[in-house]
1. Restricting to DSSP loop positions (anything but H, G, I, E, B) with no more than 10 other Cβ atoms inside 10 Å of their own Cβ, which chymotrypsin sites (Phe, Trp or Tyr not before Pro) remain in the range 84-175?
2. What whole-number distance in Å separates the alpha-carbon centres of the range 101-126 and the range 1-36?
3. Evaluate the range 25-175: find the radius of gyration of its Cα atoms, find its Kirkwood radius, and give the ratio Rg to Rh.
4. What length, rounded to one decimal in nm, is gained on full extension from Arg174 through to Phe59, with 0.36 nm per residue of separation minus their alpha-carbon distance?
5. State the answer as a single residue: which of Val32, Asn154, Asn103 lies farthest towards the positive end of the charge dipole of the chain, with beta carbon charges of +1 for Lys and Arg and -1 for Asp and Glu, about the Cα centre.
6. Which entries in the list Lys28/Lys83; Lys28/Lys102; Lys50/Lys168; Lys83/Lys104; Lys83/Lys107; Lys57/Lys168 go over 22 Å, if you measure between the two C-alpha atoms of each?
7. Can you tell me the accessible area per residue over the chain, all protein chains present, probe 1.4 angstrom, in square angstrom?
8. Students often get this wrong: which residues of the range 133-157 have the backbone nitrogen under 14 Å from the point 7 angstrom along Cα-to-C-beta of Glu5?
Amino acid sequence: MIRQEEISNQYILSTAMAMASAARTAPKARGVDNLTIAICDKDDIAIISKQLEKDYKEFNQEFLLRDSQNILNATYLLLIATKVEVLGLDCGYCGFATCLDKNKAGKKIPCFFNAEDLGLSVGSAVSVAMERRVDNRIMFSAGRAALRAGLLENNSQCLAIVLSATNKNPFFDRK
């Protein structure tokens, strides 16, 4: 007999892998893929938790301390991040008339389409978690902490998706 508790970790890992594939295959502006996608285990989650504690001390925002503890309930955590790469569409959504003007002002200014691609990819990923009945929550705080901890180099924006399969989603009704 195989009990659910014994297979839960493997199932969540396979779900995270399917989520990563869904994120990768989500539509991208001009077909350009600027994403970095990674699955974090308990060791990586601990690093992100420590960074959230540091961020709490630096920014004095209570939710960072709460999130530092909350993510420890995750079995795995999926990171989806984007680089800053203009796509030459001169759309003006970044606040500059052209991509050349944006690049002259500074490389760190996000391109609208990089952020849009990130959002579409995260949406595709969480739809997989939902279909497979794995508890999840999108967390900008954990994504930002992953970047600040140096887990994903050369990326400007990151969202984290925490994953769990317990009797109640531990990522909601937080205190």
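The values are calculated or read from the model by the stated rules, or taken from the named source; none is laboratory data. The structure displayed is predicted, hence computed values, not measured ones. So basically every Cβ, Gly included, is an ideal-geometry build from the backbone, and we count neighbours across all protein chains shown. Accessible surface is based on the protein model in full, side chains and every heavy atom, while ligands, DNA and RNA are left aside. Shrake-Rupley method; radii C 1.70, N 1.55, O 1.52, S 1.80 Å.
1. Details: sites: Tyr93, Phe96, Phe112, Phe113, Phe140, Phe171, Phe172; in loops: Tyr93, Phe96, Phe171, Phe172.
For chymotrypsin sites (Phe, Trp or Tyr not before Pro) across the range 84-175 that sit outside H, G, I, E and B with at most 10 neighbouring Cβ atoms in 10 Å, the list reads Phe172.
2. Here the answer is 21 Å between Cα centres.
3. Details: Rg = 16.4 Å, Rh = 16.3 Å.
Across the range 25-175, the Cα-based Rg/Rh ratio is 1.01.
4. On the way: separation 115, 0.36 × 115 = 41.40 nm, distance 2.01 nm.
Roughly 39.4 nm would be gained on extension.
5. It is Asn103.
6. Numbers: Lys28/Lys83 13 Å; Lys28/Lys102 20 Å; Lys50/Lys168 25 Å; Lys83/Lys104 17 Å; Lys83/Lys107 10 Å; Lys57/Lys168 30 Å.
Those over the limit are Lys50/Lys168; Lys57/Lys168.
7. Working: 9410 Å² over 175 residues.
Solvent-accessible surface per residue comes out at 54 Å².
8. none
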